[in-house]
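Report on the following structure.
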Amino acid sequence: MPSPIYLSADIRRIEEAAAGSTPPLMQRAGAAAAELAAKLIGDKARDILVLAGPGNNGGDALIAAELLAQRFFRVSVVKRPEELAESKNWGLVIDGLFGIGLTRPVAGDYAKLVEYANRQRCPVLALDVPSGIQSDTGRVLGAAVRATHTITFIALKPGLLTLDGPDHCGEISVANLDLDVKALVAPSAWVTEPGLFISILKKRPLNFHKGLAGSLGILGGAPGMTGAALLAGRAALKLGAGRVYAGLLEEHSIKVDMAAPELMLRHADDVLGVDLDAIVAGPGLGASERAATLVGAALASEIPCVLDADALNLIAEDDGLGDACARRTAETLLTPHPAEAARLLETSVAEVQADRLAAAQRLARSFNAHVVLKGNGSVLVARDGHWFINTSGNPGMASAGMGDVLAGILGALLAQRYTGETALVLGVHLHGAAADALVAAGAGPVGLTAGELIEPARRIWNGWLSQ
């Protein structure tokens, strides 16, 4: 089943709804933490350090400590730095300093406790969220525990999955505390995973032809940036688009792509005159007046459209293009990285990254679009308000051309007549899964190139279709 994500305010609502349950939620959380802690410490080590904070998270930690002591572990509960044994050889550290209620930077004695935990070479188990990670955003507030494992209670929180959260959480497990969480508060957010979309994939009948797979037009390839449009086109071909027209602004560009001769190369001006099922605008498009005109023409059409890279920058610079995007009724997908999102929102990258979900939601509302805010734990927001966090992918994707390949994948899915929301969720997850497959095979993460993703993406896509 797809994994739901809840903001801290919704977690509080769930806790309130279950407040009268027996045993109490804190007792259940402590028991779940103790059970996992016992598994992590193994048979040889017996010494456990429990860092207990002042709130509910500390209460969970104290219950876990009591239960572990009953199992004959040597448990030391510490609340202040002066209580620590600097030379102690711990078998496990339990971080119970701060949970989802943290709103201000960790400082003073608590920062010293965090620093101590981070110096230990044993497993570190964080309760609910690593102390210092803001539960809704993934921001580090002053200082944060770097856990090897996190047991999160009731449900996943966005801060575990995006920005700095994944670097601090380690392996995440969810303890629902025997609650029917979805019945208490219906989710509006999920982790992107095949369970979300496998049942709606369109398997091809034997009686099929390329016209049924759709025609995609790509607008890009200004002088010196032809490769961006070609990468998008190659990805679209391998992901199943029936025809792909690569429209290049470069006047004296190549006439055939020898790596993908199936691509139909055109001047960018000519592509919009073709009967198209979807458009990708932006890969290597540049910032010329002609480029802006092409983006305007794409926005004026009723053709589903992916807006990437330079198309996003042009929209950010021209209120008329932004208004045209907001007026569209056809499916529109925006794929900004944080700097592009900051331009579109007329703010700073720091502000975007401070609350990635809020930034993506604002983009979706402002431009009437399905949006992916790329980055560690890409945030996806659909037009209808549903949102997702993608957990596939790895640091090898910090490489030129990755966004062009993603744009081509999304364009291919739109051309094959998937809805904008489905195309976004499926395409972003597939893009990351392809990178993960390459790393698992030994090709990366260092030195991973965008073009390498296309073959594993095709293989994974066909595997999903065969289920």
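The values are calculated or read from the model by the stated rules, or taken from the named source; none is laboratory data. Just so it is clear, the structure is predicted and the values come from calculations on it, not from any experiment. A quick note on method: Cβ atoms are made from the backbone with ideal geometry, for glycine too, and the neighbour counts reach across all protein chains shown. We work out accessible area using only protein heavy atoms, side chains counted, and drop any ligands, DNA or RNA first. Shrake-Rupley method; radii C 1.70, N 1.55, O 1.52, S 1.80 Å.
Things to note:
- Residue among LYS202, LYS210 that alone is touching a strand residue (DSSP E or B) at 6+ places or on another chain (Cβ under 9 Å) and exposed (fewer than 15 other Cβ atoms within 10 Å of the Cβ): LYS210
- Test result for GLU66, closer than 13 Å to ALA37 by Cα, in contact (Cβ under 8 Å) with a residue 12 or more places away in the chain, open to solvent by 20 Å² or more (accessible area, probe 1.4 Å) and of a type in the set (Asp, Glu): yes
- Within the range 170-207, the set of residues being over 28 Å from ASP404 (Cα atoms) and hydrophobic (A, V, I, L, M, F, W, C) comprises ILE172, VAL174, ALA175, LEU177, LEU179, VAL181, ALA183, LEU184, VAL185, ALA186, LEU206.
- Per the listing GLY224, GLY214, GLY282, GLY247, the residue uniquely among the small types (Gly, Ala, Ser) and over 22 Å from LEU334 (Cβ atoms) is GLY224.
- Residue count, the range 190-199 (criterion: in a helix (DSSP H, G or I) and either touching a strand residue (DSSP E or B) at 6+ places or on another chain (Cβ under 9 Å) or under 25 Å from VAL124 (Cα atoms) (or both)): 1
- Residue match in the range 350-369 (condition: touching a Pro at 6+ places or on another chain (Cβ under 7 Å), part of a loop (DSSP other than H, G, I, E, B) and either in contact (Cβ under 8 Å) with a residue 60 or more places away in the chain or at positive phi (or both)): no
- Tally of residues being open to solvent by less than 50 Å² (accessible area, probe 1.4 Å) and of a type outside the set (Val, Ile, Thr) across the range 424-467: 24
- Hey, VAL280 in a helix (DSSP H, G or I), in contact with a strand residue (DSSP E or B) (Cβ under 7 Å, 6 or more places away or on another chain) and at pLDDT 95 or above or not: no
- Cross-chain or 6+ apart pairs with Cβ under 9 Å, the range 112-128 first and on the phi > 0 side of the Ramachandran plot, then of a type in the set (Lys, Arg) and at pLDDT 95 or above: ASP128/LYS157
- All of ARG139, ARG74 fail the test of being in contact with a Lys or Arg (Cβ under 7 Å, 6 or more places away or on another chain) and among the basic types (Lys, Arg), apart from ARG74.
- Within the range 199-220, one or more residues are at pLDDT 95 or above and touching a Pro at 6+ places or on another chain (Cβ under 6 Å).
- Residues being open to solvent by less than 60 Å² (accessible area, probe 1.4 Å) and either not in a strand (DSSP E or B) or not aliphatic (A, V, I, L, M) (or both) - total across the range 165-189: 12
- The listed residue being part of a loop (DSSP other than H, G, I, E, B) and within 30 Å of the chain's Cα centre (by Cα), out of GLY99, GLY30: GLY99
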